[in-house]
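Report on the following structure.
Read-outs: derived from the displayed coordinates by stated rules, not from any lab. Just so we're clear, the structure is a prediction, and the values are computed from it rather than from any experiment. Glycine also receives a Cβ, built like all others from the backbone with ideal geometry; neighbour counts cover every protein chain displayed.
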Amino acid sequence: MTTSWYIVCAQCGRDDLPTDRLLTACPYCGGEWLDPRYDYERLARLVRDETPQRPCTMWRFRELLPVRRDENIISMGEGGTPLLRLRNLSLMLGVPNLYLKDERQGPTASFKDRQASLAISVMKEHGIREAVVASTGNVAISYSAYAAQAGIKLWAFLTSSVPAEKMREVALYGTEVVKVTATYDRTKQVAAQFAEQRGLFLDRGIKGLAARESMKTIAYEIAQQLGWRAPDWYIQAVSGGLGPVGVLKGFWELKEMGLVDKIPKIASIQAAGCAPMVQAWEQGLSEPVVVESPQTLITTVATGNPGVAYEILYQAAVENGGAFVAVTDDEAFRAMHIMAKMDGFSMEPAAAMACAGAIKMVRNGLIRPDETVAICCSGHTFPVEKHLLEDDWSHHLDLSAEEEQQAPAAREEGLLTSLEELGDNVHRIVIVEDDESARLLLRRILQAYGDFDIFEASDGNQGIRLIREVMPDLVLLDLMMPEVDGYQVLEIIKSDPALQHIPVIVITAAHLSPQERQRLNGHIQSLLQKGSFVDHELLENIQAAFGN
């Protein structure tokens, strides 16, 4: 299946922007806020009548998501999460129609799985093999899981205040973790500099099409689960504001299709120690009040400058009603106990912030007893066992002194140099394998182990050319290939003085005879059987080949 859409630039209004390449800005005016649009009149009946019969994931709304071809979709069953009535909390607060959108039930237990699925699918569609993301935790975990399935190498830049359990989970997927001792806003800058220095794709978060479009599926599901009705309130804890901005787009589209009769009031809940939106709202400002030094223990929401997201949510609140509410860390932690003890939901602090905000809004009269309220339970994370990873599972950049001293721009050069040094010991590896899934598996194993330059050939002739071209440190060679097989490739390598020093690891699905094993003897580093070797066996052979 293919899907079609067009892109509108929010700044100049042009609606003829190309959709066949990844745009970071409008080619006509330079505006960075680009909005996909669809044929809503045509799609209304499909969304209402056909999507309920499809598998219960966010991809049931396939025609309203900006991926052209189905084969590029990377999905792990994300979305389709339940909307559950909070029976006991509803009784306690006197609001009968209080619901929890339980995003804990995603593949990595976070609403960011929706974002990762669409973002990684878009990367795959455009041939991206290595990417950079900045995160306060959940984005890095979700992206890492989906990047692993897509065969995309990921660099995740996280603030040092992110809990070690979250960092370990990111590392477990094979992502390169760069821990930055700085604020999240500064960490995003470092990630962008690193991506530019290495020529890598940078995930732009809320400024990218995929992130916002993925979140609108929450709105579709809520409306569908309520019998094609919009709730009176949608409540979510926010950092950069991506979730509510995407949900707002979703309800706008539903209204355009005539499937709901209103757009709900959006309540954005922030930590009192980092509440740029709340401060601006209380002062009647349409731009956020930037918080330079966040003071909250809930690190996943510690974004001091939400930028354009607040402007969008502010305008929505003015037009449709809404609220920006601050809760203290203590109120969020108490809400964790309340939600677990009252209705049996164990959730991370950021999700509890949304519940704490809802409780405060009911008590302050912002939410009426007769209103229907949907609260986003954004995630529930589980710690990764410490013994699963070695001590060197992350890189650490300490920028605290830089931030304290407000160092001049000259210091940036040294920072970029430090980042470049992360790749000084990269080894070049060529994989010669005709089976695409086998190549993908080998690439993932290597990426999980270290920062290699990996080249792939799908047949023997291509492999020989590639080996001569890149002069790798190691060749991973399949024996059974059509036309020029692995034996012939090996003979060419070992008969060429310029290549014969290159170690070769043979990986085969065939059970070799004694004569075939003898033919390989003395010419290869080792022989591994497909389907029977485990990751650490391959890595040990790689270490041996490098003489480590």
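Just to confirm the number: angle between the C-alpha axis of helix 184-198 and the first principal axis of the chain, 0 to 90 degrees, nearest 10? The helix 184-198 is inclined about 30 degrees to the chain.
Peptides 102-108, 22-28 ranked from most to least packed give 102-108, 22-28, packing being the mean of other C-beta atoms within 10 angstrom over each peptide's residues.
With contributions of -39500 (n - 2.57) from each DSSP H run of at least four residues, the per-residue ellipticity at 222 nm computed over the chain stands at -12000 deg cm²/dmol.
For the chain, the relative contact order is 12 percent, taking Cα pairs closer than 8 Å that sit 6 or more residues apart in sequence and dividing their mean separation by the residue count. On a per residue basis, the convex hull of the C-alpha atoms belonging to the chain measures out at 175 Å³.
As a proxy for reagent exposure, Phe345, Phe324, Phe455 were ordered by neighbouring Cβ count within 10 angstrom, fewest first; the result is Phe455, Phe345, Phe324. Compute the separation of the alpha-carbon centres of segment 73-147 and segment 6-52 and state it in Å as a whole number. When both Cα centres are located, 23 Å separates them. Within the chain, the cysteines lacking any other cysteine Cβ closer than 4.7 Å to their own Cβ are Cys56, Cys274, Cys355, Cys376, Cys377. Bridgeable lysines around Lys360 (alpha carbons under 27 Å apart, same-chain partners fewer than 8 residues away excluded): Lys101, Lys112, Lys216, Lys249, Lys262, Lys265, Lys341.
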